[in-house]
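To start, the structure under review is shown below, and the notes come after it.
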Amino acid sequence: MAKTDKTPSSEAHSGWGLLWVLIFFLAFSGNLIAGVLVAPTVVFISDKNRTSRLEVNNPGTTPQEVTVSFAYGLPVSDSFGNVSVVLQDSNITDPRSAVDWVKAFPRQIVIPPNGTQVIRFLASPPKDLPAAEYWARIVVRSKEGETTIPTSTEEGAITTKLNMIMQTAIMLKYRTGELSTEVALTKAEAQQTDSSVYVMVDLQNKGNASYVGVLTARLLDENKNEIARQQTDVAVYRELKRKIEFPTKTAGHYKIEVAVSTEGRTDIAPDDIIPGNKVFSTVDVQ
C-alpha cells in the first residue's frame, strides 16, 4: 500500500535540544486536539554502530497512543518542481530499502501527559551488503489514548469523541562502507512571466549516498549586478527537480546563477553531512 506524505522533504537536524518535529498538532474550534513531538528528525545507523534512538514526547494534557512502523519513500518531484514523498509499506523492491531489516523497540506505547518515551532501533542487515546508504521511513502515528463511549441524551442524540490520528514519517539512514556524494546539474531553464522570473533545476545523484545540501540562486541584471538571492535545502536521492522564483514585474535582460553545495546547512550536525562536490551554472532568462 502506498500513501503520499506531503510533509517537507528537506533533511532536518539530527541533534536533540529544542529541534523537535511536530507530528501534526491539529486545531479545531481553537482547541488543540492531539499530537506528539519526535527528535531527532533524521535517524542515522551505521555498520560501526547498528543501534540508534528516537525520543517521542507528549506535550499535551491527555495520554497518547503511539505506534511505530516502517515504510519506504524517497522525495520525488513533479514537472513543476513540487516535492512529495510516497510511502510504501509492502511489495518494496528497491535494493536500497532497509525496511525489512530494521526493528523498533517498543513499537506500541501509551505516553502520559508531559511524558517522554525512548524508541530504540536495531539494524540487522544482510551479510556482504554493498557499500552504500540504505533508507527507510520511521512512521510514527499517535492518537488520544482515552476515548468517550457514545451515549444517548434525553433528546435521543448520540454524542461521541472523535479520535484524530496524526502521522509523520522521518528518514532513517543506514550507512556502510566507503560513501560518496556527488550531484550533477543535468538541466537548468529560466523563464520570465508577467509577475516573476524563475529557474527550474534538474539534479541527479551520482554517488552511493544521498546528496544533502543547499541550492542557491542569484538573479542578476544585464550588468551582472545581484538583484535578489534565494536558497533552498535539497536532498537528492536519485533525481530531483526544484523551482526557485523571484517576484518581479520589470522586463529586462536577466540571468540566474545557480549553485549547489553540501556546505551551508545549519540544520544538520556537521558529523552527519557527507561532503560532496559543488556545481555551478549561469542561465539566461528567456
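The values are calculated or read from the model by the stated rules, or taken from the named source; none is laboratory data. All values derive from a computational prediction rather than experimental measurement. Don't worry about glycine lacking a Cβ; one is built from the backbone with ideal geometry, like all the others, and counts go over all protein chains shown.
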Working carefully through the options A209, A184, A190, A251, find the one that is more than 30 Å from P95 (Cβ to Cβ) and touching a Lys or Arg at 6+ places or on another chain (Cβ under 9 Å). A190
Can you tell me which residue is nearest to the chain's Cα centre (by Cα) among those in region 242-272 that are among the hydrophobic types (A, V, I, L, M, F, W, C) and surrounded by fewer than 17 Cβ atoms within 10 Å (Cβ to Cβ)? A269
I need the full set of residues from region 47-68 which are in contact (Cβ under 8 Å) with a residue 24 or more places away in the chain and not in a strand (DSSP E or B), in order please. D47, R50, N58, P59, G60, T61, T62, P63
Selection count, region 109-131, where residues are free of Cβ contacts under 8 Å to residues at least 60 places away in the same chain and under 23 Å from the mean Cα position of the chain (by Cα): 0
For G156, the lone unmet condition from (1) at pLDDT below 95; (2) surrounded by 17 or more Cβ atoms within 10 Å (Cβ to Cβ) is (2)
Looking only at region 37-71, which residues are farther than 14 Å from I170 by Cβ and among the β-branched types (V, I, T)? T51, T61, T62, T67
Condition broken by R265, with the remaining ones in (1) touching a residue at least 40 places away in the same chain (Cβ under 8 Å); (2) under 22 Å from F80 (Cβ atoms) satisfied: (2)
